[in-house]
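One structure is given below, encoded as C-alpha cells.
No value in this document is a laboratory result; all are computed from the given coordinates. Here the structure is a predicted model, which is why all the values come from computation and not from measurement. Please note: Cβ atoms are built from the backbone with ideal geometry, for glycine as well, and neighbour counts cover all protein chains shown.
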Amino acid sequence: MLSADLVIATAIAYVGLLFVLAYLGDRRARANKKIWLNSSTVYTLSISVYCTSWTFYGAVGNAARSGLEFLTIYLGPTLVFVGWYFLLRRLVRISHLYRITSVADLLSSRFGKSSRLGVLVTCIAVVGIAPYIALQLKAVTSSIQAVAGTSEFGRGSLEGIDDVGLAFGVAAGMALFTILFGTRHVDAKEQHHGVVAAIAFEAVVKLAALVAVGVFVVYIGGGFEGIFSRAADLGIDFASSTTFDARWITTLVLSIAAIVCLPRQFQVTVVENSNENHLRVAGWAFPAYMLLMSIFILPIAIYGLSVMPANSNPDMFALTLPLNAGQNGLALFAFIGGFSSATSMIILESIALSIMVSNHIIMPLVLRFTPSSQGDGQGMSKMLLVARRFSIVLILSLGFSYFLFTRDSDALAPIGLISFTAIAQFFPALLAAIFWRDASLKAVTTAVTVGFILWAWTCFLPSLDSLSPAIAALLVEGPWGISWLRPQAMFGLEGWDPLAHAAFWSLSVNVLILTLGSLLTTPSALERIQATAFVDVFRRRGMPQRNFVRGSATANDLFFVAERVLGEKRAGALFESAARESGVEPAVLDPTPEFIGRLERELAGSIGAASAHVMLSKVVAGGDVSLEEMMQMADEAQQVIEYTQQLEKTSTELRLTAKKLEDANAQLRELDSQKDEFLSQVSHEVRTPMTSIRSFSEILLDSDDLAPAQRRRFVSTIHQESLRLTKLLDEILDLSALERGERSWQNVPVDAEEALDRALLVCDALLRQKGMSVEVGERAHVTMVEGDADRLCQVFINIISNAVKYNDADEPRMWVSSTVRGGSYIVEVSDNGPGISKRDRKLIFEKFWRGVEGSGDQGGAGLGLAISRQIVARMNGSLELVQGAAPGACFRIRLPIVGKRN
Amino acid sequence: MSVDVLIAEDELSILDSLDFILRRAGWNIESVTNGEDALDRVRQTRPRVVVLDVMLPRLSGFDVLKQLRADPATRTLPILILTARGRQQDRRIAEELGADAFVTKPYSNAEVVRAVAQLLGEDAGSA
C-alpha cells in the first residue's frame, strides 16, 4: 500500500524527467549532435511503443483469462519485423522519397493525392483509436487506484474522487503534456527527436519494471518450475488446443496490420526513421524486446491466479502481487513502468493523429477559405501548431468519452482489439498502395468506408452495449427485427467469437471491394503516376515526380507560400541552397519545374501531399486554378507521357521485329542458297545418267547397222544408267526422310556382329576385283544393338566400299575391327588410301560430296556417307571420322549396347 | 594420224557414247578422263577441237579452259564445253573464259555432232 500523494507525485516527477529528456533531445537535434538520437538502438526502443499498458497490465489479464492467446499480439509484429525487407523497407523508402507524414498521407498521396481519402482515413483513425486511448486511461486510472488502494481499502487522499474524475485528470494531464511535448514547432519531415528520445527512455523503464516484477514473482513462486506446477495444480491448461482457433488467427492478422497501420507505429517506424539500415537491427531487436517483455507474463498471471483472491482484477497482478508481498518499492516501480507504457502510447498516438487531423482536415479547410495567396504571411506555421494542439485535445476527449461509456467493462485487452480491428481496415489499402499498380482510388475509398461501417456495426457498437438498453436489444434482435443484420451474427454467421466475426466480415468485404473495384475502374492519370512512383520505388530510383509546368509564378510568389508553411528561416534556407546550386542570387532564382517539385515535397513534409499540391497549384498556375483543373493538366501531361512511352515502346518493338525479320530473311536466303545448291547437284546427278540414256537410245534409234554385240552393250548401258537413276532418286528420298527424323524401320535388338559379317561377305567381290586385302583384327562376339539389321549392314557396306573405291595405293589394304567398350559397340574401318584432307574432313558427311579421286561410274551420287550417318543417328549411335589416323582414313561407328550396362 | 577431237569426260558411259557418235561422223577421236590428262594430250597431240566436260577430276573443265586460253599456242583452239549442271551462270563463265560452244547434258547426238562440225569448219552431217 502506498499513499496516493506519493504515487501521484512520483508520476508527475517522472513526467518532468521525460520532459527534460525530450528538451535535451531536441536541443541536441537542433545543434545537429544527433549521434545517439540517430542510432538504431533508439529507433528500436521507440518502436517498442507498441507495448503499451495493454502489454503491461492487459496481457497479464489476458493470459489469466485466455491462456497463450496474448502471444499472438506479439507474433504478428515479429513476423512483420523479421520480414522487414519485404514490407517495411519499401514503406520507409517510399515515405522518405515522397515525404510521407502518416498513413493517411501515404494513401492520399498514392491514390492521386486525393484529399477526400486523406480525410476519410484520418476520421477513421481518430474514431478507431478512441477505444485504445480509453484503454490507457483506464489502465492508468486502475493502476493508481490499485497502488494507492482506494478501490480495495477505501482510504487515502484519493477518497472522494471516483474513477471518472481520476481518469479525467489523467486525460487532461496527458493532453497538456503531449501539447508541451509534441507541438512546439512544425518540423520538416515531422520528425520529433526529443519525443523519440523520451519514448526510447520509457521503453527501457517499462521493460525493466515488468522484468523486475517477473523476476520477483518467479523468485517467490519457486522458479519457473514451481510456477508451472501451480498451474497444473489449479487445473489451468495454457496450451490447450482450443487456444488455437479462429480467434487466434484473427488476433494474429490484426496485430500484423496494427504494427504497420497504427498511426503511432507508422510514425516511429516509418516517419521517424532516419536511416533505412536501422530496420536491419530493428528486424531482430524489436522481436527480442517483445520476447523479453512477454516472457514473464505467463508466470505473473499463473502466480496471480494462485495467490490472489478470486475476485481480484488479473489486469493489475503486476501491481497487486508486489503490494501483496509488502514490496512497496517494487510496486511503485511497476506502477511507473505501467504509467510509462501508457504515457508513451498516448503521447505518440495523439501526435501522430494530430498531424493527420491538421494536414488532412484543418489545412485543406484553411486553404479553401483563403482563396488567394494573399494571407497572413506568418500565420500558416502558427496555425498548424494551433490545429495540432486542438487535435490532441479532441483525440484525448474522444478517448475519455469512450472510457466513460464503457467503464463497466473490466478487461483491457478486448478494448485494444476493437481499435486494432478499426485500424486493420487500412491494411489492404496500404498493401495495395505499395504493391499493386492497378489499385484505384474509388475502390480503396469504397473498401475502407465499407470496412469501417462494418467495423462500427459489428465491433464498435456492441462494445457500447452497457450504454443503452436499445443497443443491447439491437444485439439480440437485429435492427427492425431483421435477424441477419444482428451485429454479432451477420448474414446468419452465428456462434463465432465476436472479434473473429467482426474482423472476418469487415476485412473480407474490404478486400473484396478493393480487389473487384480496382479491376473494374480505371484510375486517373495522377493515380497512375503515383502508382508507378510507389510500386516501382526500387526500380526507378530518383524518378522525377510529377511536376508543375512553369506557370506565371516567380521565385517571390513561391517564397511567400513556402514562408507561410515552413516559416521564414527554413524557407530562406531552402531558397538559398537552391539558388546556390544554380549559381544565382536567391532574388532572381528561376522557378524551374524541378525546383517547384522539390518545394512541393518540402511542403508535403509539413502539410501532406494533397495540401501541398493544391497550395502550390494556386500559385504556380496563377491563382484561380481549381484542383480539378490541375488534375486535368496533370492528366493531359500524363497522356503525353504515356503516348511518348507508347511510341518509344512501339519503336523498340519495331526495331526488334525488323531485326527478327532480317535474321529470318538471312536464314531464308541461306536456306534458299542451300536449296539451289542441292537442286543444282541433284540436277547434275540426274542429268549424267540421262545423258547416256538419251544418247544411246538415239544411237539405237537411228542406226540399223549396229553389230549385235555393240547393240547389246549399248542397251546394257542404258539399263545400268536407268538403275543408277532409280537408285539416286531412292537415296534422295531416303535421306530426306532420315533428315526429317523419320525412320522406315523399327529399332529392335539385332546382332551387330552378324551385320558386319554380312557386309564383309557382300564386299568380298569388290575387294577381290580391286585386289585389296582385308585384315580383320579384334572382333567382339555376339553383340546386340538397337536397330535394323539390313540398314546396319547398309552402313557397313557403305564404309567398306568407300575404303575400297577411293584407295589408290599400290598394295591397297584395309583393317576392320570391332570391340565393346563403355557400354558401346564400336566398329573401326581404316585403310591405307589417300586419307581425307583436313579441308574435306568437315565436308565428307555433306550431301553429294565425293572423293576427288573418285572416277565416274564407281560412286553413287555422293549421298552414301550422309545417309549412313543419319541411319546410325536414328539408331542412337554415331558415325565419325577418326582424327589423325594414318596413313589413310579411319571411320568409327559407335552404337549403344542393348540390355547391358557397362 | 592427227587427232580431230579430244574428248575429256569422266563419266565412262557418256565418253563411250560421244566416242561412238563422233567416230561415226568420221573424225579421229582421242579421249581422257581427267583435267590434267586433257592438258597433256592437247599439248602432245594438237587436236583440232576439244570437247571438255566441266566436272572433271583433278582439274575442272573451266581450269583446263583457262590454262589453254592463257597459252598462246592454244589460245584459238576451238573448245566445246559440256555441262550437266545446266545453270545459266555456267554458260556465262564458259563464254567469259573463251569457250567456243556450249552444250548442256542431256544433249541430242545431232546437236553435239553439229557443234563439233561447226568448230571443225565442216558442214554438219557431212559424214
Query raised in the report: What relative contact order, as a whole-number percentage, does region A:631-739 give when Cα pairs under 8 Å and 6 or more residues apart are counted?
Result: 25 percent
Report summary line: Fewest to most Cβ atoms within 10 Å: A:Leu21, A:Leu254 sort as A:Leu21, A:Leu254
Query - Karplus-derived 3J(HN,Hα), 6.51/-1.76/1.60, for each residue of region A:300-316, Hz, glycine and proline x - result: 4, 4, 5, 5, x, 4, 7, 10, 8, x, 4, 8, 6, 7, x, 4, 9
Report summary line: Within the protein assembly as shown, the percent of DSSP beta bridges that are antiparallel, given to the nearest 5, stands at 55 percent
Query - Distance violations [Cα-Cα > 19 Å] among A:Lys113/A:Lys442; A:Lys838/B:Lys66; A:Lys675/B:Lys66; A:Lys847/B:Lys66 - result: A:Lys838/B:Lys66; A:Lys675/B:Lys66; A:Lys847/B:Lys66
Query - Spacing of the two label points (7 Å from each Cα toward its C-beta) at A:Arg601 and B:Glu36, in nm - result: 8.4 nm
**Report entry** Quarter of the Cα convex hull surface for region A:748-896, i.e. its orientation-mean projected area (nm²)
**Finding:** 8.2 nm²
Requested in this report: Please work out the Kirkwood hydrodynamic radius for region A:4-423, using every pair of different C-alpha atoms, and report it in angstroms with one decimal place.
Outcome: 21.8 Å
Requested in this report: Treat each spin label as a single point 7 Å out from the Cα along the C-beta direction, and report the B:Gln118 to A:Ala809 distance in nm.
Outcome: 5.1 nm
Query raised in the report: Using alpha carbons only, how many degrees (0 to 90, rounded to 10) separate the axis of helix A:193-220 from the longest principal axis of chain A?
Result: 80 degrees
Report task. At 7 Å along the Cα-to-beta-carbon direction for both A:Glu662 and B:Thr76, put a label point, then send me their distance in nm to one decimal. Result -> 5.5 nm
Query - Cross-link partners of A:Lys727 among aspartates and glutamates (Cα-Cα below 16 Å; sequence separation of 8 or more within a chain) - result: A:Glu685, A:Asp857
Query raised in the report: Taking every eigenvalue of the Cα gyration tensor of the protein assembly as shown, multiplying by 5 and rooting it, what semi-axes result, largest first, whole Å?
Result: 102, 39, 25
Report summary line: Percent relative contact order for chain A, counting Cα pairs under 8 Å at least six residues apart, stands at 14 percent
Query raised in the report: Kirkwood hydrodynamic radius for region A:631-739: how many Å is it when counted over pairs of different Cα atoms?
Result: 19.9 Å
**Report entry** chain A: angle of helix A:441-455 to the longest principal axis, Cα-based, in degrees nearest 10
**Finding:** 50 degrees
Query - Degrees between helix A:115-148 axis and first principal axis of chain A (Cα, 0 to 90, nearest 10) - result: 50 degrees
Report task. Pull up the DSSP beta bridges for region A:703-848 and report the antiparallel fraction as a percent, rounded to 5. Result -> 75 percent
Report summary line: Residue-ordered couplings for region A:48-65, obtained by feeding phi - 60° into the Karplus form 6.51 cos²θ - 1.76 cosθ + 1.60 and rounding to whole Hz (Gly and Pro as x), are 6, 5, 4, 7, 9, 5, 4, 5, 5, 9, x, 5, 4, x, 4, 5, 5, 8
**Report entry** B:Ile7 long-range amide H proximity, modeled H, under 5 Å
**Finding:** B:Glu30, B:Ser31, B:Val32, B:Val51
Query - Of every Cα-Cα pair in region A:236-366, the percent that sits beyond 22 Å - result: 59 percent
Query - Other protein chain Cβ atoms within 10 Å, averaged over every residue that makes up B:105-114 - result: 4
Requested in this report: Round to the nearest 0.05 the FRET efficiency obtained for A:Ala573 and A:Thr644 when R0 = 51 Å and r is the Cβ-Cβ distance.
Outcome: 0.90
Query raised in the report: Can you work out ³J(HN,Hα) from phi for every residue in region A:810-827, in order, using Karplus 6.51 cos²θ - 1.76 cosθ + 1.60 and θ = phi - 60°, giving whole Hz and x for Gly and Pro?
Result: 5, 10, x, 9, 9, 10, 10, 9, 9, 9, 10, 9, x, x, 10, 9, 10, 10
